[in-house]
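Peer 1: Before I ask anything, let me first share the structure, which is written out below as structure tokens.
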Amino acid sequence: MTRKWAAYAVAILCSALTGSRMTVAQSLNDSLHGKTTPKVHVTFSQALPRLDGGHLAVKIVEVSYLPGGYSAPHSHPCPVVGYVLEGALRIQVKGGPETIYKVGESFYEAPNSIHLVSANASSSEPAKLLAYFVCDHETPLTVAVPKTKTPDGK
């Protein structure tokens, strides 16, 4: 399988596993399946970095946050697509704005970007997401970000 087709296969797999629906030519749907085929559309799309298709792996991790829960700053060596299953999440990747994602919404993290904020947006309700890792090598999925000292030395 070529790298291009491997990337397409991963995109389709990620979409199918999240319950998302990929666009298929409606005429193809009608001609192959008649009018009982569900209507489909793209709900999320993100180009991936160049990956080694010979070592490609997809890993899916369910992350649950208690009310008010959060993760320490971290990074992921692989590209990650997050899909919110329950509640709402506050997410910020270094260089980007802090954003709240709700049930059914997705977000993308580029490889090795620093995930500064990953927190439950609610102090009273739990939150849950699926994180889809697309890796082209064996590596830990999450890497802690070393704490940096402030200008006053703390």
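Peer 1: Being touching a residue at least 60 places away in the same chain (Cβ under 8 Å) and part of a loop (DSSP other than H, G, I, E, B) narrows it down to one residue among Leu51, Leu130; which is it?
Peer 2: Leu51 is the lone residue from the list that is touching a residue at least 60 places away in the same chain (Cβ under 8 Å) and part of a loop (DSSP other than H, G, I, E, B).
Peer 1: Now for a separate question. For Val24, are the conditions met, namely being among the aliphatic types (A, V, I, L, M), surrounded by 13 or more Cβ atoms within 10 Å (Cβ to Cβ) and modelled with pLDDT of 55 or more?
Peer 2: no
Peer 1: Return yes or no: is Ser64 within 21 Å of Ala144 (Cβ to Cβ), hydroxyl-bearing (Ser, Thr, Tyr) and surrounded by fewer than 16 Cβ atoms within 10 Å (Cβ to Cβ)?
Peer 2: Considered against the rule, which asks whether it is within 21 Å of Ala144 (Cβ to Cβ), hydroxyl-bearing (Ser, Thr, Tyr) and surrounded by fewer than 16 Cβ atoms within 10 Å (Cβ to Cβ), Ser64 comes out as yes.
Peer 1: Please find, within the range 67-88, the residue that is surrounded by the fewest Cβ atoms within 10 Å (Cβ to Cβ) out of those that are part of a strand (DSSP E or B), in contact with an Asp or Glu (Cβ under 9 Å, 6 or more places away or on another chain) and not acidic (Asp, Glu).
Peer 2: For the range 67-88, the residue satisfying everything is Leu85.
Peer 1: Also, quick follow-up: Inspect all residues belonging to the range 136-148 and state whether any of them is surrounded by 15 or more Cβ atoms within 10 Å (Cβ to Cβ) and within 23 Å of Ala47 (Cα to Cα).
Peer 2: Yes, that holds for at least one residue.
The values are calculated or read from the model by the stated rules, or taken from the named source; none is laboratory data. Owing to the predicted nature of the structure, the values given are computational and were not obtained by experimental measurement. Quick reminder, even Gly has a Cβ in these numbers, built from the backbone with ideal geometry, and neighbours come from all protein chains shown.
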